[in-house]
Every structure is written in structure tokens, then in C-alpha cells.
1. Quote the FRET efficiency, to the nearest 0.05, computed for Ala211 versus Val149 with a Förster distance R0 of 25 Å and r equal to the Cβ-Cβ distance.
2. Grab the other residues whose beta carbon is less than 15 angstrom from that of Leu176, score K and R as +1, D and E as -1, and report the net.
3. Counting only heavy atoms of protein chains, what accessible area per residue, in Å², does the chain have with a probe of 1.4 Å?
4. If each DSSP helix of 4+ residues adds -39,500 (n - 2.57) and the sum is divided by the residues in the chain, what number results at 222 nm, nearest 500 deg cm²/dmol?
5. Where Lys and Arg each count +1 and Asp and Glu each count -1, what net charge lies around Gly121 among other residues with Cβ under 14 Å from its Cβ?
6. Using a basic spin-label model with each label point 7 Å from the Cα along Cα→Cβ, how many nm lie between Asp88 and Arg9?
7. What number do you get for the chain when its Cα radius of gyration is normalised by 2.2 N^0.38 Å, N = residues?
8. How much length is gained on full extension from Glu178 to Asp163, taking 0.36 nm per residue of separation minus their Cα-Cα distance?
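The values are calculated or read from the model by the stated rules, or taken from the named source; none is laboratory data. The structure presented is a predicted model; accordingly, all values stated were derived computationally and were not measured. No Cβ is skipped: glycine too gets one built from the backbone with ideal geometry, and neighbour counts run over all protein chains shown. These area figures cover heavy atoms from the full protein model, side chains too; ligands, DNA and RNA do not enter into them. Shrake-Rupley method; radii C 1.70, N 1.55, O 1.52, S 1.80 Å.
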Amino acid sequence: MSGSLHVSRPSAGVVLIRIDNPPINALGEEIRGRFIAEIEQIGPDLDVRAVVITGTGKAFCAGDDLKAAASRADGERASLGQFGRLLDRIETLRVPVIAAVNGHAVGGGLEVALVCDIRIGSPSTRFIAAGVNVGLMASVYRLPRLIGVARAKSLLLTGLPIDAQTALSWGLLTGLFEPEALEAEALALAARIASRAPLSVEAAKRQAGRALDLTPKEAALAASEELAVLTGSRDHKTALKAFAERSDPVFTRS
């Protein structure tokens, strides 16, 4: 078996997925298949409220296994399709996904980071849009939406890396932590999300994900539809009662 995933539940409502395929945590076809299966199991599991994805060692993820790709006869497009399915599953997952980018995120590894809802890193974090380095193209849709067209082109057209501080200033990362503290910080952030009203978190993720594609009128209508459900939820009533009593609400996703 080439590489593996380690999946655990370090705290209530939180799933940790660790990519383990040294030295660069490439995602070959076998490990991608397991990754898809794990994400598909999380979706309907209502006990899960947040996910953290990270890498083992000094790399986050290097995307496809290029050594394996070089030996494929006619399966390159099928392999890219499988990678696309993995990205779609992560991006549309019911619950928020946090990328703890512990090192290099290269090519498809950058895409994995981009489909997560929140990205945090350490001083050793590096991002490389490596499509032009290997005769392919990737990140051309999500990266411009996140950091702007001009900055995205500076990465997409050169294949050059950017460091963690640049990624932070561009909004690609939202926090920097020392390497030894990164995973704990990601898990603490996930635990915080898991402690919030789940229906509200899921609605906020859905609507924020659509925000750039909607007109103001469409966005207002979508928000109104979500709020019609949320205002009638038991969790909303629980929160109001807890506020009045100056206590901490316990949400049940109902």
C-alpha cells in the first residue's frame, strides 16, 4: 500500500485526517480513493461538526503521485477526474474543514488547501501552483476568487512558491503558528466551531460559499430562507434562554 490516511476523533464532534505518504504526502490513486470514502462517511454522520486536514512530517500535500502518473498509459484524465471528485467532496462537505498547512502545499496539495474553509499555517508553510511546472493547469478557478486575479496569476503563470508571511498578507492563510503548536491550534479552532449551533454553522458555510456567485437580491432571498429555518430551531431558543440566564448553551442540531 502506497501511503495512508490516519483518521481520528480527538475531541467531541471533531475529525482529524492526517495524510501520511512520506516524504511529500503525495496523493496517489489508492490513497485518494480512501480519502473520498472517508469524506463521504463524514457527511451523514451528524455527530461530526468540524474536520481538520493536515500532513505528516514537513509537508502538507503534494497532490498527485507524479512517479505513478508517469507510468500511466491512458488513465491520466480518469485520475484527474478522481482528484476532482475528492476536491468536490471536501468543498461541499456539510461541516467546516480546516487545513493545518504544516509545510509545502504543491499543485493538487494547494487545491486541497483551497477547498478547505479555513487555512492556517506555520513559518515553514509554502504554496506552489505547480501546474505550469508539469505541463498541466490547476487552481485557476478557486485561487483568483480567494486572493484576486492579479496575485493568482503571479503564482499560476510562474509556478513559483510563496512563503507563509506572503500567504497570510494575501488572505490565503488566516493565522500563523509555530510548527509544534499548529495542529493543536487547528484542533482548538475546530472544537470552537463544534461547540456552536450546528445548523447555523452549516447554513453560514453554505451561504458564504455562494456569496460571490449571487446578486444582492439573490443573497438576501437565500439568507431569508435559511433564517426561516434557524429562527424556528430549538438551538436558537436554547441560545436565547442561555443568554437570559447567563449560561453556556448546549446545542443539539435541532
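1. Working: r = 17 Å, r/R0 = 0.70.
According to the calculation, E is roughly 0.90.
2. Values: positive: Arg119, Arg126; negative: Asp163, Glu178, Glu180, Glu183, Glu185.
Cβ neighbours under 15 Å give a net charge of -3.
3. On the way: 12960 Å² over 254 residues.
Here the residues of the chain average 51 Å² of exposed surface.
4. Details: 11 runs with 119 residues, N = 254.
Calculated at 222 nm, the ellipticity per residue is -14000 deg cm²/dmol.
5. On the way: positive: Lys58, Arg119, Arg126; negative: Asp163, Glu178, Glu180, Glu183, Glu185.
Here the charged neighbours net out to -2.
6. So the two model labels end up 2.8 nm from each other.
7. Working: Rg = 19.0 Å, N = 254, 2.2 N^0.38 = 18.0 Å.
Here the answer is 1.05, to two decimals.
8. Working: separation 15, 0.36 × 15 = 5.40 nm, distance 1.43 nm.
Stretched fully, the Glu178-Asp163 segment lengthens by 4.0 nm.
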